[in-house]
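What follows is a set of notes on a single structure, which appears directly below.
The values are calculated or read from the model by the stated rules, or taken from the named source; none is laboratory data. This structure is a prediction, so every number in the text was calculated from the model and none was measured. With ideal geometry, Cβ positions are generated from the backbone for all residues, glycine too; neighbour counts draw on all protein chains shown.
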Amino acid sequence: MPAYLTRLPIDVSRLTALVTRSDRGGIASFIGLVRDHQDGRAVSRLEYSAYEPMAEAEADTIVREAEARWPVRVALQHRLGDLAVGEIAVAVVAGSAHRAQAFEACRYVIEEIKHRVPIWKKEFYADGDIVWVDPTAARCGSDRDLPAGSRVR
Amino acid sequence: MPAYLTRLPIDVSRLTALVTRSDRGGIASFIGLVRDHQDGRAVSRLEYSAYEPMAEAEADTIVREAEARWPVRVALQHRLGDLAVGEIAVAVVAGSAHRAQAFEACRYVIEEIKHRVPIWKKEFYADGDIVWVDPTAARCGSDRDLPAGSRVR
Amino acid sequence: MTVRVLLFATYAELAGRTSVEVSVQSPATVSDVLCSLRAVLPGAGGLPERPLVAVNQVHARLDSTVSDGDELAVLPPLAGG
Amino acid sequence: MTVRVLLFATYAELAGRTSVEVSVQSPATVSDVLCSLRAVLPGAGGLPERPLVAVNQVHARLDSTVSDGDELAVLPPLAGG
């Protein structure tokens, strides 16, 4: 199982090379970058942390799900630690003989990452404020449902 | 209007840089590579040609359509001339504040490129055979419909 | 009137050339130009009955009107990407 | 029986620690462990009533059964990607 989490800058061309083979003509990628604003406020940097063994296992499960569902090869890395604005937080690359399947697999993996992998993001605002990001806050307050698609023990 | 057609190798990181800005957190890309086989036969190289002024104009129209429909910035290049197996034939990169829109715009552009831009592909097979690729051949014989989505004079 | 016809890829190989001037009576449609093309250029007989065409670099229909000096491109099946 | 509870991110800050051993009577569910957790760790009172949890590194429900020696992680809203 490759390491899906890294504290070093993510090298997208290396990930692309991992899924490239001469019979895979279509490579779909998604790169998530640290934005300089959130809800109209200036962000100066952010910090990702994770429940690392579970995050590695869940990322591996998601990649395997995509590779089982479509004829694709997927490479994925998520950054941890301190990130500056403009740095790559996450990259997903899917290579396939067919472009539709490369797109679908790439999209699937990034959506599942966001909903199932135990990673947290602390935003440091330019005004000194520090916030743990809660993507569910606007939707349903403090009660959480189980992430969609999760396998439950 | 940038040059969408190029006879030089395509540099995806340069295209990515063109659509990256600190307020665009999501970058979706598609890279089309020359495959080593087609319908089970070994391909040794291929040659792209175009009706160049129309291809440039049509590519520009497609990019503008995507940028009008979604809040994205799109970069696109299509290679012409001789290509070896494994080389990049086409690259589309879409940057947006939101990943769904980056994916949709990227997918839109590559699909429209394939259906509307006057570019032709000659495949040179390992067995010496040479074929002009006809993506419509299996579907509807020699009669062609107008490309879907085309503006007609 | 005169229309300049451009041929590409496999159609250029079939016709043995990449462009030809075609004279047609005005008013004329794309179909009329293709009909004259087949008459003046024997190799053009191998073109499909209803090829994809562009007039002045914009996709057009077979019943689109053409004018003197227009550029009519006969496009083989598109294969970009 | 004893369950090891892990706390992360904002929950670790609320509780003032990242892990704690919690004793519960067998059989027990995730909810039972969370109830004991709130009793032994005052800062855990600030956790949501129905947090996201994982048992032995797999997402679990509040009514999932836990066993002696299990690792129960209380997960703040996921924010990867």
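The table that follows gives values for the structure above.
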item	result
Selection count, the stretch B:109-135, where residues are of a type in the set (A, V, I, L, M, F, W, C), at the interface with another protein chain (Cβ under 8 Å from one of its Cβ atoms) and touching a strand residue (DSSP E or B) at 6+ places or on another chain (Cβ under 6 Å)	5
Residue check, D:Glu49 at pLDDT 95 or above and surrounded by fewer than 14 Cβ atoms within 10 Å (Cβ to Cβ)	no
Residue list for the stretch C:1-24, restricted to those being assigned to a strand (DSSP E or B), over 10 Å from the mean Cα position of the chain (by Cα) and aliphatic (A, V, I, L, M)	none
Count - residues of the stretch A:96-122 that are closer than 20 Å to A:Thr6 by Cβ and buried (at least 19 other Cβ atoms within 10 Å of the Cβ)	11
Residue within the stretch A:25-40 that is more than 10 Å from every other protein chain (Cβ to nearest Cβ) and buried (at least 17 other Cβ atoms within 10 Å of the Cβ) present	no
Any hit, the stretch A:81-97, residues being in contact with a Pro (Cβ under 9 Å, 6 or more places away or on another chain), within 9 Å of another protein chain (Cβ to nearest Cβ) and not in a strand (DSSP E or B)	yes
Odd one out for C:Thr65, checked against (1) among the hydroxyl-bearing types (Ser, Thr, Tyr); (2) buried (at least 20 other Cβ atoms within 10 Å of the Cβ); (3) over 12 Å from the mean Cα position of the chain (by Cα)	(2)
Flag if B:Ile10 is surrounded by 14 or more Cβ atoms within 10 Å (Cβ to Cβ) and assigned to a loop (DSSP other than H, G, I, E, B)	yes
Flag for D:Gly81 being within 25 Å of A:Tyr48 (Cα to Cα), in contact with a helix residue (DSSP H, G or I) (Cβ under 6 Å, 6 or more places away or on another chain), at pLDDT below 95 and facing another protein chain (nearest Cβ under 10 Å)	yes
Residue match in the stretch B:14-29 (condition: out of contact with any helix residue (DSSP H, G or I) (no Cβ under 8 Å at 6 or more places or on another chain) and over 29 Å from A:Ala42 (Cα atoms))	no
Subset of the stretch C:25-64 that is assigned to a helix (DSSP H, G or I) and in contact (Cβ under 8 Å) with a residue 40 or more places away in the chain - its residue that is farthest from C:Ala15 (Cα to Cα)	C:Val30
Residues within the stretch B:15-24 that are within 12 Å of chain A (Cβ to nearest Cβ) and outside any loop (DSSP other than H, G, I, E, B), tallied	4
Some residue of the stretch B:60-73 being surrounded by fewer than 18 Cβ atoms within 10 Å (Cβ to Cβ), facing another protein chain (nearest Cβ under 10 Å), farther than 24 Å from A:Phe30 by Cβ and of a type outside the set (D, E, K, R)	yes
Flag for C:Ala60 being within 21 Å of B:Glu56 (Cβ to Cβ), within 14 Å of chain B (Cβ to nearest Cβ) and either touching a strand residue (DSSP E or B) at 6+ places or on another chain (Cβ under 7 Å) or surrounded by fewer than 21 Cβ atoms within 10 Å (Cβ to Cβ) (or both)	yes
Every pair of residues 6+ apart whose Cβ atoms lie under 8 Å, when the first sits in the stretch D:66-81 and is over 17 Å from A:Glu56 (Cα atoms) while the second is of a type in the set (Lys, Arg) and assigned to a loop (DSSP other than H, G, I, E, B)	D:Pro77/A:Arg144
